[in-house]
Each structure stands twice: as C-alpha cells, then as structure tokens.
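So the structure is just underneath, and the comments pick up after that.
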Amino acid sequence: MYKILEKREIAMRNTWFKIHAPHVARKVQPGQFVIVRAFKNGERIPLTPVMWDKEEGWIVLIVFTRGKTTARMAAELGEGDGILNIAGPLGNPAEMERFGKILAIGAYTGIVEVYPIARAWQEFGNDVTTLHVTFEPMVVLKDEMEKAVGRHILETVQIDPNLDFPANMKNVTRRLTERVRELLEKEHFDLVFMVGPTGDQKEVFEVVREYGIPMEADLHPIMVDGTGMCGACRVTVGGEVRFACIDGPSFDAYKVDWEELIHRVGFYVPKERMAFEEYLRQVRGGVQ
Ligand code: FES
C-alpha cells in the first residue's frame, strides 16, 4: 500500500495527492509516468508524477476526474488511506538538451505533465515559455509554473452551460490555436512541445507545421500494462508501429499518424462526454 500523505481538491475535477512512494521518488525523471491501481479489481491508469522528493520518498499526482476510477479516487480516498499499487517510473525521460527557446503547451490537465519537463528544461539553460489553455475553473499549477519557467501564459475559457461538451471544447481548441498562432507569428521558437487531448495536439501541430518549427508531442493512447506487453498503446510513427509506453511517451509530431491515433483514442470520448455532461447538469441546478 502507498500511503496518501495529503489530499486536496485544487480546481474543478482536479485532485492533488501527495503519496509515499519511495521507489518511484528515487528514480523518476521528468517525462516519465506511473501506472496506478487504486482499488482492488480496479482499472490501471497512467498518471504523471508532477513533483517528488527523493529523500523524503514522496510523489505528487494530480488526478483529473474523467471516469469512474478517477471519480472514485477523488471521492473515496483520503489522507491516511492507501493506494493499492503504483508501478514505475515508466516511459522515457524527456531529452535534456539546450534547445534554445521552447514553447511548452498544456491543454486542460496536460499542463500537469508539462510542469516537470518545462521546469527541468528551464533549469538546463533553455528559455521556456509555457502556455496553459483550459476552462476557467480548471486552472492548476499557475503559481508553480510562474516560478519554474521564464514566462507562463494562462488563457482561460468560460464554460457555457448552454452549450454541450463538444461545443465547449471547441471554444478551448479555438483559443488554443489562435494563441499559438499569435505567439509563433511574433516570436521565434526553436521547439514546440505539447501535452493535451489528441485532437488538440493535431490542431496545434497543423499551426506549428506552417512555421516549420520542430514539435514534440506526448501521446496518450490507451494504456494497460505500461511495459510493452499488451500492445494497447501502439501508435504509428514514421510509418512504424511504436508503443507509447516504452518508446515514448514523447514523439516527433511530424511523424505521428494523427488520424489513426484520433480514431483509437475516440473509444473513450463517449465516456468523457457523459462525465462532463453530468457536471453541466449540476451547474444548471438540475435543469436539462
Ligand atoms: Fe501495453 Fe504499452 S500499455 S504495450
């Protein structure tokens, strides 16, 4: 069991868990993830350690409520409780190089994965700008990001309770692509990096490609074991089948088969849509 040392809701549908997990804290590097099984017979979910302390042996996970397991984690687990299993660290660490000027983008909860990487890149001597685009009540890590990188840009979109889930998300995508275009139009960047929903990654990639700037994207296909055994996370990159868990999670955006990936991750869209629409029913006060 991995003891929960701290738990708090830090934004709408975002829960902060500080967990005693010394074997992860000792080895984890920016860009890596863990697979968490919180409950007996429960599903395994990939999550990214946001921060950690090697000496004290803890990690922080920010869990976004997107389905049954994450909703149960937010509702049923508290300080002093245990998480059944945490496997990892898994995946490859982010490359630490002097790239120069970097634009690191997080859409929605993607900023949670961007944080440790952007911070490490800045410490390594890069000039890092982070861009977080999300719904207004879902802002996380603003203060931490402002301290960690050269410049943190936050763009929030109001949730319109009169619009459905896809229409609200389209507003975020529009703001995201507009802001990226504005930045690339005005400034030179040596590298763009992005974490977020696959559809948004592709939209941003289409903008970045117009400017010919190298782009890396952390991919989020379905993951089960996280060790290259099950094949669930396969993606096509440069015409070859790769496994996001052991070959990634970061890949050259120019080589990713985006259409195929969007099709595969679309399997979960109806579930996420149901969860979001349940939230909308709540904010409408039960009026449908
Ligand atoms: Fe099973 Fe990657 S998650 S092969």
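The values are calculated or read from the model by the stated rules, or taken from the named source; none is laboratory data. Every value quoted in this text rests on a predicted model; they were computed, and no experiment measured them. Positions of Cβ are backbone-derived with ideal geometry, glycine not excepted, and every protein chain shown enters the neighbour counts.
Is one or more of the residues making up segment 146-157 in a loop (DSSP other than H, G, I, E, B) and at pLDDT below 95?
Going through segment 146-157, the residues in a loop (DSSP other than H, G, I, E, B) turn out to be 149-150.
So of that shortlist, the ones also at pLDDT below 95 come out as none.
No, segment 146-157 has no match at all.
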Any idea which residue in segment 34-45 is surrounded by the fewest Cβ atoms within 10 Å (Cβ to Cβ), counting only those that are touching a helix residue (DSSP H, G or I) at 6+ places or on another chain (Cβ under 8 Å) and closer than 26 Å to Phe193 by Cβ? Ile45
Name the residues in segment 226-242 that are crowded, with 16+ Cβ neighbours inside 10 Å and within 6 Å of the ligand (Cβ to nearest atom), would you? Gly226, Cys233
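Considering only segment 167-174, I want to know if a residue exists there that is hydroxyl-bearing (Ser, Thr, Tyr), over 15 Å from the mean Cα position of the chain (by Cα) and surrounded by fewer than 17 Cβ atoms within 10 Å (Cβ to Cβ).
Residues of segment 167-174 hydroxyl-bearing (Ser, Thr, Tyr): 173.
Still in the list and also over 15 Å from the mean Cα position of the chain (by Cα): 173.
Filter once more, keeping what is surrounded by fewer than 17 Cβ atoms within 10 Å (Cβ to Cβ): none.
Scanning segment 167-174, I find no residue that is hydroxyl-bearing (Ser, Thr, Tyr), over 15 Å from the mean Cα position of the chain (by Cα) and surrounded by fewer than 17 Cβ atoms within 10 Å (Cβ to Cβ), so the answer is no.
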So Val140 ticks every box in (1) touching a Leu at 6+ places or on another chain (Cβ under 6 Å); (2) outside any helix (DSSP H, G or I); (3) touching a residue at least 40 places away in the same chain (Cβ under 8 Å) but one. Which box is left unticked? (1)
Of the conditions (1) touching a His at 6+ places or on another chain (Cβ under 6 Å); (2) surrounded by 17 or more Cβ atoms within 10 Å (Cβ to Cβ); (3) not aromatic (Phe, Trp, Tyr), Gly110 clears all except one; give me its number. (1)
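Hey, does segment 206-215 have a residue that's within 16 Å of the chain's Cα centre (by Cα), surrounded by 19 or more Cβ atoms within 10 Å (Cβ to Cβ) and within 30 Å of Ile246 (Cα to Cα)? Give the steps one after another, and end with the answer.
Narrowing segment 206-215 to residues within 16 Å of the chain's Cα centre (by Cα): none.
Taking every residue of segment 206-215 in turn, none turns out to be within 16 Å of the chain's Cα centre (by Cα), surrounded by 19 or more Cβ atoms within 10 Å (Cβ to Cβ) and within 30 Å of Ile246 (Cα to Cα).
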Any residue at all in segment 175-186 that's within 16 Å of the ligand (Cβ to nearest atom) and in contact (Cβ under 8 Å) with a residue 60 or more places away in the chain? no
If I ask for residues that are within 8 Å of the ligand (Cβ to nearest atom) and in contact with a Pro (Cβ under 9 Å, 6 or more places away or on another chain), which ones from segment 244-272 would you list? Ala244, Cys245
Gly42 versus (1) closer than 24 Å to Ala118 by Cα; (2) of a type outside the set (D, E, K, R); (3) assigned to a loop (DSSP other than H, G, I, E, B): which is the lone unmet condition? (1)
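Evaluate the following for Gln282: is it at pLDDT below 85, more than 16 Å from the ligand (Cβ to nearest atom), out of contact with any helix residue (DSSP H, G or I) (no Cβ under 9 Å at 6 or more places or on another chain) and not in a strand (DSSP E or B)?
Working: at pLDDT below 85: yes; more than 16 Å from the ligand (Cβ to nearest atom): yes; out of contact with any helix residue (DSSP H, G or I) (no Cβ under 9 Å at 6 or more places or on another chain): yes; not in a strand (DSSP E or B): yes.
Here the answer is yes, as Gln282 does meet what is asked.
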